[in-house]
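Below you'll find the structure, written out as structure tokens, and then a few comments.
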Amino acid sequence: MAASGYFNTLVLLGSGHRQWAGDDKPSVLDSCETFALSDEDGGALVAQAGDLAQILTDGSFFYSRNIDYSLRLSRRKAQRSQLKQVAFQPLARDGSQPEEAATRLSIAGPHVWNSFMLEPFFALGETLAGSERTILYEDFLLPLVRGFFGVEHVRHGPVTLEVHIISRRDWHREGTRFAKRGIDADGNVAAFAETEFQLRVLPSANTLEQTVSFVQVRGSVPAYWTEKPREYGALRVKISKNAVNESLDPFERHLRHLAAEYGPVHAMAYLHGPYHGLLDAEAHLLQVYKQLVEEVQRSPDSLAGQITLDPIGLNPKNPKLIPDEIGGMADEFLDQSGWTHVAGDARGPHAELVREQNGVLRINCRECVSFHFSHFFQ
């Protein structure tokens, strides 16, 4: 069972299958059944449940019983006190809590899409003890992540490398295309996702296991703006005249969250500059973004040193120039931020956190949901 919950008078039961070999690989949620305990709306509740089940089984939700994939590698290994999450240390079957039990499960994180379902089970577990609590935690507290998981094996001489790409979508400002754009009052942005690239050196007779990880994020332009689709003609992007002043407070909230979570933020905005006709709306949006960053950088607050912005002017006539333009910037950032390095089996409790990435690339274009230069960069 991948996820279960009681929603009003409806029970949802989901299941999935593992697409990749290995107990440490996640399963994809591919089936979901609904049971109406009562339906006073003449079938309306069941109809809504069918729509929900269709969303849950679209192939973008995955889970694992062995690894909490809602957390990136450094979050799983570095037990930092400032992390604001609800977590538990699973007990052994006899009720004891061995030191080597290192698996931690966050049920309140931005990448756990069934967190509202898990909270009652977690609260119930606090009232239990011994094997009863263990069974409840192991069988019911299962985080459901939405995004993408991919794995490939590559041979490099005598060494076998396992490459993981994990994308975790944030649920706070999720919505359909065009209906959700920009930022909200709490600093959440639309289409926000964390993408992690993991490279694992598989152990052999002459090779110790090592795992390195690099994380970047993407999301909508962090300002108040909206957009409506048109069949033809210029984009209908609506930005108020006071967009900078109105967006400054939530913009700062957004940056504070990123800085606390990842360290210094290096933003790359893939938006067209002026004089591109139909794309002039993007130029206006880019200008607002630049002004917001400048306002933060001028402030005496400590946040001023946590954000830099590279406005990448896209040239639709010659997209081949884009890799050369971003290559140097990316190399410079990598030298500054580094990456996460874990020596030993990263899935176990005895692995050593050698270094941790300090800083994050924040990528965006106007769209951030279908074909976009943010994916091209990734």
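When each of V189, V217 is scored by the number of other beta-carbon atoms lying within 10 Å, the sequence from fewest to most is V217, V189.
Segment H350..L248, full-extension length gain: 32.3 nm, with 0.36 nm per residue of separation and the alpha-carbon distance subtracted. Distances between placed amide hydrogens fall under 5 Å for Y69 paired with S64, all partners being 5 or more residues away or on another chain. The fewest-to-most ranking of Y63, Y137 by surrounding Cβ atoms within 10 Å reads Y137, Y63.
Provide K180, K241 in ascending order of the number of other Cβ atoms located within 10 Å of each residue's Cβ, fewest first. Write down the numbers at each step before the final one.
On the way: K180 17, K241 7.
Least to most surrounded, the residues fall as K241, K180.
The label point for V154 and the one for E119, both projected 7 Å from the Cα toward the Cβ, are 4.2 nm apart. Taking 0.36 nm per residue of separation and subtracting the Cα-Cα distance, full extension of the segment from I55 to L199 would add 48.8 nm.
Expected output is a single nm value to one decimal: the length gained when fully extending between T308 and K238, i.e. 0.36 nm times separation in residues minus the C-alpha distance. What is it?
Values: separation 70, 0.36 × 70 = 25.20 nm, distance 2.54 nm.
Fully extending the segment from T308 to K238 adds 22.7 nm.
Taking 20 Å as the straight-line reach from the Cα of K290, the aspartates and glutamates in range (excluding those fewer than 8 positions away in the same chain) are D184, E227, E246, D249, E252, D280, E282, D301, D310, E325, E367.
All of the numbers you see were taken from the coordinates with simple rules; none came from a lab. None of these values were measured; they are calculated from a predicted model. Reconstructed Cβ throughout: ideal geometry from the backbone, glycine too, with neighbour counts over all protein chains shown.
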